[in-house]
Amino acid sequence: ERVSNVEKLMPNQFQKDMVVRTEKGTKVVADMVVLCTGIKINSSAYAAAFGDKMASNSALKVNKHLQLEGYENIYAIGDCADLKEPKMAYHAGLHANIVVTNIINSLTHKPLKTYEPGSLTFLLSMGRNDGVGQVNGYYVGHLLVTIAKSQDLFVSKSWKMMGQTMP
């Protein structure tokens, strides 16, 4: 559920009996609130040019090929794309792969690839020896997260993807 009173909370500070309210009316009493998601999208780079193409959350409206609505040669990925999925670097990488393919396909007159958001997948490292995750709707325990991500936070994967050798 989405928090509806986030602007009235004092995040990252101890405050006895803070009441967190959700859009569905749920109330949660907490002594500390740590904001981990829900960062407002910074639309300043495109608001003047594409204000009529923005959704209510300031993201750009895109079609199934991640093209900006009404444009064949402008794409939006990551947080600025209005897609019904969590804003995560992993998803932005998936978007980028689709967009690169679609740019090449449009230049070579091939059909564009469709982006289809999948089920929620994440691995959350909590230090070098702990973590939790979800893959295709299934809980993933700390052992798998530790083996898969916690050792180097996928830094080696990023280096390899860029064609570099990790120092």
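The values are calculated or read from the model by the stated rules, or taken from the named source; none is laboratory data. In this text, all values refer to a predicted model and were calculated from it rather than measured experimentally. Because the Cβ atoms are built from the backbone with ideal geometry, glycine has one as well, and the counts that use them run over all protein chains shown. When the accessible area is computed, the model is the full protein with side chains, heavy atoms only, and any ligands, DNA or RNA have been set aside. Shrake-Rupley method; radii C 1.70, N 1.55, O 1.52, S 1.80 Å.
When only alpha carbons are used to place a centre, segment 111-152 and segment 1-37 end up 26 Å from one another. In this structure the chain gives 71 Å² per residue of accessible area when probed at 1.4 Å with all protein chains present. Once C-alpha pairs closer than 8 Å and six or more residues apart are averaged by separation and normalised to the residue number of the chain, the relative contact order reads 10 percent. A crude spin-label estimate for the pair MET162 and THR101, with each label 7 Å from Cα along the Cβ direction, gives 2.5 nm.
Taking each residue as 0.36 nm, the span from MET126 to THR22 lengthens on full extension beyond its C-alpha to C-alpha distance by 34.8 nm.
Radius of gyration (Cα atoms) of segment 105-167, expressed as a multiple of 2.2 N^0.38 Å: 1.55. Sort segment 42-86 into rounded, prolate or oblate with this rule: let a ≥ b ≥ c be the square roots of the eigenvalues of the Cα gyration tensor; rounded if a/c is under 1.5, and if a/c is not under 1.5, prolate when a/b is larger than b/c, oblate otherwise. Taking the square roots of the gyration eigenvalues as a ≥ b ≥ c, segment 42-86 is oblate. Residue separation of ASN63 and ALA30 scaled by 0.36 nm, minus their Cα-Cα distance, works out to 7.9 nm of gained length.
Output needed for the chain: three equivalent-ellipsoid semi-axes, defined as square roots of 5 times the C-alpha gyration tensor eigenvalues, in descending order, whole Å.
Values: eigenvalues 204, 132, 40 Å².
Over the Cα atoms of the chain, the semi-axes work out to 32, 26, 14 Å.
Summed over qualifying helices (DSSP H, 4 residues or more, each -39500 (n - 2.57)) and divided by its residue number, the chain shows a 222 nm mean residue ellipticity of -5500 deg cm²/dmol. Carbon and sulfur together cover what percent of the accessible area of the chain at a 1.4 Å probe radius? Whole-percent figure for carbon plus sulfur exposure: 58. Computed over neighbours whose Cβ is under 13 Å from that of ASN105, the net charge equals +1, Lys and Arg +1, Asp and Glu -1. At the residue level, ILE104 shows approximately 90 square angstrom of accessible surface with a 1.4 angstrom probe and all protein chains present. Under 24 Å of direct C-alpha separation, and excluding same-chain neighbours fewer than eight residues apart, LYS40 reaches these lysines: LYS8, LYS24, LYS27, LYS53, LYS61, LYS64, LYS84, LYS87. Note on segment 75-119: Kirkwood radius taken over Cα pairs, Stokes-Einstein applied at 20 °C and 1.002 mPa s, translational D equal to 195 µm² s⁻¹.
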